[in-house]
Each structure stands twice: as structure tokens, then as C-alpha cells.
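Okay, so here's the structure we're looking at.
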Amino acid sequence: MTFSLTVNGRTHALDLPREASLMHVLRNDLALNGPKYGCGLGQCGACTVLVDGIAARSCVIPASQMEGRDIVTLEGLGTLDDPHPVQQAFIDAQAAQCGYCLNGMIMATVALLSHTPQPNEVQVRQALSHNLCRCGTHVEIVTAVLRASALMSPA
């Protein structure tokens, strides 16, 4: 099946099986390794991307259904020299151990802050409750989200 995907502002023409997951296309065909393969069932959040600004689990979404949608991966947020404020907040708060969950946590945070710019701790915990972290950096992650909110708020 031939279709096109708009990922991180660039359009890509692809010829792939209809059932190819968005995560596999992003990682294997577009060399975007932000989304991680975790559970493969859409439950852990490691594969989270933004689809039209909404956090979505790319491992369970057929890529062929994403034509005409705006997809953003971790690589589309910022760069090493100019990280997105959420990425910078996670760096500042040292909100990682193994780092496997970070893609999902960061993408879910970007989605949260886009519609709730100044969340409280309860809202942060609720928004991230479906993203799993096995290393136990939850406290640092919540701190990072609240820091990102402050960094992104108008002065």
C-alpha cells in the first residue's frame, strides 16, 4: 500500500503493508528512534508520539491510517543545542535512570502542557498515570513536568 506520512514537518511517501504499525515505520523506515518498543500493546507508553497534538501509542496504530495527520516524535521537539522546554526540564530535574520511559513521559507532558499550561501535581500524576516507569523516577518526573510548566509560562 502506498501512502504518505507527515512526521516532524516533513512528508514521506511510503510503500508498506497496510498493517505496519506507526512505531515500526517511524523506527525502521524513517530512522526515528524516539518512540521505543515496550509492550507492543499500547499499555506502557514508551512508544508515545503526538498525532495532531494528542498523545498516541504508536505501537497499536496502523501507519496507513495516519495519512493527512500531523505526527511529532521526540526528534521533532528540539535539538541537542536547543532542546524543547520539556526536554530541558527533564534534563534539569535528572528525571531518568534507564531512560526507556522518557520518550513517552516527555511526549505525554508536551500534550498535557498544550491544553493545561499550569497543571498541579494531581493533574500531572493523572496525565502520566498510563505511562510506566520501572526505575522509580516518578518523583523526578513530576518535578520535571512542573518545571517545564514554569519554563513555558509567560514571564
task = Mind jotting down the distance between the C-alpha centroids of region 1-38 and region 112-126, whole Å?
result = 29
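Using the Kyte-Doolittle scale, which helices in the chain average at least -0.5 and also have C-alpha atoms spread 15 Å or more along the helix axis, with helices defined as whole DSSP H runs? Don't skip to the end; give the middle numbers.
Details: long enough: 102-115 (20 Å, 1.35); 138-152 (21 Å, 1.29).
Membrane-span-like by this criterion, though nothing is claimed about a membrane: 102-115, 138-152.
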query = Based on the Cα atoms of region 85-152, what semi-axes does the equivalent ellipsoid have, where each is the square root of 5 times one gyration tensor eigenvalue, given in whole Å with the largest first?
reply = 17, 13, 10
remark   = Ordered by fewest other Cβ atoms within 10 Å, a rough proxy for footprinting exposure, V60, V25 read V60, V25
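How high is the relative contact order of region 1-112, given as a whole-number percent (alpha carbon pairs under 8 Å, six or more residues apart)?
Working: 197 pairs, mean separation 33.5, N = 112.
The value is 30 percent.
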key: Equivalent ellipsoid semi-axes, region 5-52, via Cα gyration tensor eigenvalues times 5, rooted, Å   = 18, 13, 10
task = Please list the equivalent ellipsoid semi-axes of the chain, computed as the square roots of five times the alpha-carbon gyration tensor eigenvalues, in descending order and whole angstrom.
result = 27, 16, 13
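By the scheme Lys and Arg +1, Asp and Glu -1, what is the net charge of all other residues having a beta-carbon under 12 Å from that of Y37?
On the way: positive: R27, K36, R57; negative: none.
Once positives and negatives cancel, what remains is +3.
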key: Local electrostatic count at F3 - Lys and Arg +1, Asp and Glu -1, tallied over other residues with Cβ under 14 Å   = -2
query = Using alpha-carbon pairs under 8 Å, 6+ residues apart, how would you state the relative contact order of region 85-152 in percent?
reply = 54
key: Residue-count net charge about V49 - beta-carbon cut-off 13 Å; Lys, Arg +1, Asp, Glu -1   = +1
ask   = In whole percent, what relative contact order does region 4-53 give with Cα contacts below 8 Å and a gap of six or more residues?
value = 19
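Every number in this text was worked out from the coordinates using simple rules, so none of it is lab data. These numbers come from a predicted model, not from an experiment. Don't worry about glycine lacking a Cβ; one is built from the backbone with ideal geometry, like all the others, and counts go over all protein chains shown.
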